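Student: Pasting a structure here, questions to come.
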Amino acid sequence: ITIDKIAVIIIGWSDFFTLVTTVKPGDVGDMTRGIGNYVLKAGINGGGIRRLPYTTDMNINDQTFDDIIGTTAFHPLGEVWTDVLWDLYWAMVDVYGFDEDQINGTGGNNMAIQLVMDGMKYQSCDPGFMAGRDAIMVADAINNDGVNECIIWEVFARRGFGYNASGGSVYDRNDGFQDFEVLPEC
């Protein structure tokens with residue numbers, strides 16, 4: 001069996017949880033964050049081992065779903081997934097604030113982490129991008145009565161995981177297509 005888009009889950013989540021567990025009070029989404037900067041002997045502000053640093057600033061990191069097409073390594077899959085999860089984290093912080101307490105906090109950061117964690121539980125086996133997106137929506141419906149549905153749609157649509165996007169086969173990174181539309185009700 002070939003592992004293709006499924007690798008997004010492992011690599012993307014590991015980058016996401018690395019990022020969210022290192023956020024400090026005063027950080028903002030449009031700051032740049034690298035992964036594995038130490039490998040390149042780069043400082044905290046280095047770009048890291050990914051194609052682009054993580055940031056909500058689309059002028060710095062404009063990756064979308066289509067940026068996995070034609071790639072051959074696993075990491076580009078995870079990068080794009082982390083991009084959208086990182087955007088979700090900061091969108092939730094923008095609405096609900098930041099709580100420094102990562103265990104018992106109630107801020108948007110805590111809510112985003114919980115949505116991603118619960119989304120992992122609610123998704124199907126061998127998930128692809130759209131299954132992961134939809135599972136996060138299920139998590140919000142269960143955890144928050146779906147009050148964040150439009151926020152989640154806006155964040156995912158911004159990176160090409162919109163309402164009409166298709167993930168294609170989880171075993172082929174070249175057969176899906178991006179869409180930037182949100183749920184019509186939003």
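Student: What's the carbon and sulfur percent of the range 90-174's accessible surface, probe 1.4 angstrom, rounded to a whole number?
Tutor: 49
Student: Oh, and also: Give me the 1.4 Å probe accessible area per residue for the range 6-89, excluding ligands and nucleic acids, in Å².
Tutor: 44
Student: Along the range 76-93, what does the Karplus equation 6.51 cos²θ - 1.76 cosθ + 1.60 (θ = phi - 60°) give for ³J(HN,Hα), rounded to whole Hz, x for Gly and Pro?
Tutor: Taking θ as phi minus 60°, the curve returns x, 5, x, 4, 5, 5, 4, 3, 6, 5, 5, 4, 4, 3, 6, 5, 5, 5 Hz for the range 76-93.
Student: Moving on to the next point. Could you do me a favour and compute the accessible area per residue for the range 93-133, 1.4 Å probe, result in Å²?
Tutor: 51
Student: Something else about it: Estimate the FRET efficiency between residue 41 and residue 18 by the formula 1/(1 + (r/R0)^6), using the beta-carbon distance for r and 25 Å for R0, to the nearest 0.05.
Tutor: 0.85
Student: Just want to confirm a number: the relative contact order over the range 60-128, from Cα pairs under 8 angstrom separated by 6+ residues, in percent.
Tutor: Averaging sequence separation for qualifying contacts and normalising by length gives 21 percent for the range 60-128.
Student: No other cysteine beta carbon under 4.7 Å away is the test; run it over the chain and list who passes.
Tutor: 125
Student: While we're looking at this one, here's another question. Determine how many Å³ per residue the convex hull of the Cα atoms of the range 110-186 encloses.
Tutor: Hull volume over Cα atoms, normalised by residue count, gives 82 Å³.
Student: Could you grab the relative contact order for the range 6-133? Cα pairs under 8 Å, six or more apart, rounded to a whole percent.
Tutor: 26
Student: Output the relative contact order of the range 58-186, whole-number percent, from Cα pairs under 8 angstrom with separation of 6+ residues.
Tutor: 24
Student: Tell me what the chain gives for mean residue ellipticity at 222 nm when only DSSP H runs of n ≥ 4 count, each as -39,500 (n - 2.57), the sum divided by the residue total, rounded to 500 deg cm²/dmol.
Tutor: Dividing the helical sum by the residues of the chain leaves -13500 deg cm²/dmol.
Student: What does the charge count around residue 119 come to, taking other residues whose C-beta lies under 12 Å from its C-beta (Lys +1, Arg +1, Asp -1, Glu -1)?
Tutor: -1
Student: So, one more: Calculate the spin-label point distance for residue 27 paired with residue 95, positioning each point 7 Å from the Cα along the beta-carbon direction, and give it in nanometres.
Tutor: 2.1
Student: With the radius of gyration and the Kirkwood radius both derived from the Cα set of the chain, what is their ratio Rg to Rh?
Tutor: Reported Rg/Rh (Cα atoms, Kirkwood Rh): 0.94.
The values are calculated or read from the model by the stated rules, or taken from the named source; none is laboratory data. All values reported here derive from a predicted model rather than from experimental measurement. With ideal geometry, Cβ positions are generated from the backbone for all residues, glycine too; neighbour counts draw on all protein chains shown. Please note that ligands, DNA and RNA were not included when accessible areas were found on the heavy atoms of the full protein model with its side chains. Shrake-Rupley method; radii C 1.70, N 1.55, O 1.52, S 1.80 Å.
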